[in-house]
1. Net charge near Glu72, counting Lys/Arg +1 and Asp/Glu -1 over other residues with Cβ under 11 Å of its Cβ?
2. Report, in deg cm²/dmol and to the nearest 500, the calculated mean residue ellipticity at 222 nm for the chain, where each DSSP H run with n ≥ 4 adds -39500 (n - 2.57) and the sum is divided by the residue count.
3. If you take the square roots of the eigenvalues of the alpha-carbon gyration tensor of the stretch 190-242 and sort them as a ≥ b ≥ c, do you get rounded (a/c under 1.5), prolate (a/b over b/c) or oblate?
4. So how strong a dipole does the chain carry about its Cα centre when Lys and Arg Cβ are +1 and Asp and Glu Cβ are -1, to the nearest 20 debye?
5. Could you rank the peptides 20-32, 151-163, 209-221 by their average count of other C-beta atoms within 10 Å per residue, with the highest value first?
6. Among Val188, Leu229, Ala205, pick out the residue whose Cα is farthest towards the positive end of the charge dipole of the stretch 179-241, where Lys and Arg carry +1 and Asp and Glu carry -1 on C-beta, about the Cα centre.
7. Which net charge results when you count Lys and Arg as +1 and Asp and Glu as -1 among the other residues whose beta-carbon is under 13 Å from that of Val41?
8. Could you point to the label whose value was computed as Rg and Dmax of the Cα atoms in Å for the structure here, given (i) 18.5, 58; (ii) 17.9, 52; (iii) 27.7, 87?
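Laboratory data are not the source of any read-out in this text; all were calculated from the coordinates shown. Just so you know, these numbers come straight off a predicted model, no measurement behind them. Glycine also receives a Cβ, built like all others from the backbone with ideal geometry; neighbour counts cover every protein chain displayed.
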Amino acid sequence: MPVPAEFDQLRVVLAATRNPLNIGAAARAMSNFGFAQLRVVNPYGIAFREARSAVGAPGLLANAQEFTSVAEAVADCQLVVGTTDARQRELQHRLRVLKEGAKLVRKQLASGPVALLFGSEKRGLANEDLSHCHWLLRIPTREEHSSMNLGQAVAICLYELARESHEAIEPEKLEMASAGELERITGVLLESLRASGYLKPGTTAPTEEKIRRLVRRFKLSAVDAEVVLGMLRQIVWKMKSS
């Protein structure tokens with residue numbers, strides 16, 4: 001999967017992470033999906049840069065930036081999105097589910113830096129951390145078990161961003177059928193409808209116009225138009241030769 005240049009605009013910010021292995025797992029997930037900007041705020045583990053969980057991503061972990069506050073870590077970002085399970089706390093921000101939020105983050109990455117903020121494993125983001133956020137994001141989970149491992153949460157969020165990016169950047173490029181091709185299909189379709197008795201001789205122009213509009217609503221590609229035209233011609237030939 002190619003990595004879009006704007007992925008470099010995403011800052012994954014881990015606030016007060018307690019377990020160095022989770023920082024390593026987050027770095028591994030970032031490397032998996034093509035994100036390279038890792039920032040940590042007051043990590044508990046002083047040796048997190050050697051975390052064995054950062055399989056395939058030691059360079060990313062070694063280059064992680066350290067900050068003493070969330071404010072400093074997100075200062076250059078135009079959009080700051082916090083993550084939360086949204087349970088047992090009163091939120092003062094708009095809360096979006098991951099699928100919706102990923103689309104908005106992906107759109108913003110095209111114009112400027114975005115921070116995706118994750119809190120500590122034990123308590124999540126503190127209220128002060130949340131105050132720096134524009135809105136919040138949650139991963140849909142079972143009500144009975146809403147908490148997730150930090151590394152897993154980072155991986156799921158980044159996967160959704162990468163998936164949305166892949167779909168948005170690489171749409172299927174199809175040449176659409178020309179007006180002339182659609183008119184040929186319309187002509188053969190009308191011929192088959194008359195031969196089958198669906199349209200009676202002397203059918204009014206409005207009826208033919210309705211069928212012409214129907215063909216155009218199919219939005220056929222040039223390749224599909226050729227197939228449809230071939231099928232209709234075969235149907236007409238078969239009916240006339242019977």
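1. -1
2. Numbers: 9 runs with 110 residues, N = 242.
It comes out at -14000 deg cm²/dmol, rounded to the nearest 500.
3. oblate
4. Values: 32 positive and 27 negative charges, 189 e Å.
Here the chain has a charge dipole of around 900 debye.
5. On the way: 20-32: 23.5, 151-163: 20.4, 209-221: 13.3.
With the highest mean Cβ count within 10 Å placed first, the list reads 20-32, 151-163, 209-221.
6. Among Val188, Leu229, Ala205, the one farthest towards the positive end of the dipole of the stretch 179-241 is Ala205.
7. On the way: positive: Arg11, Arg18, Arg39; negative: Glu66, Glu72, Glu128, Asp129.
Net local charge, Val41 excluded: -1.
8. (iii)
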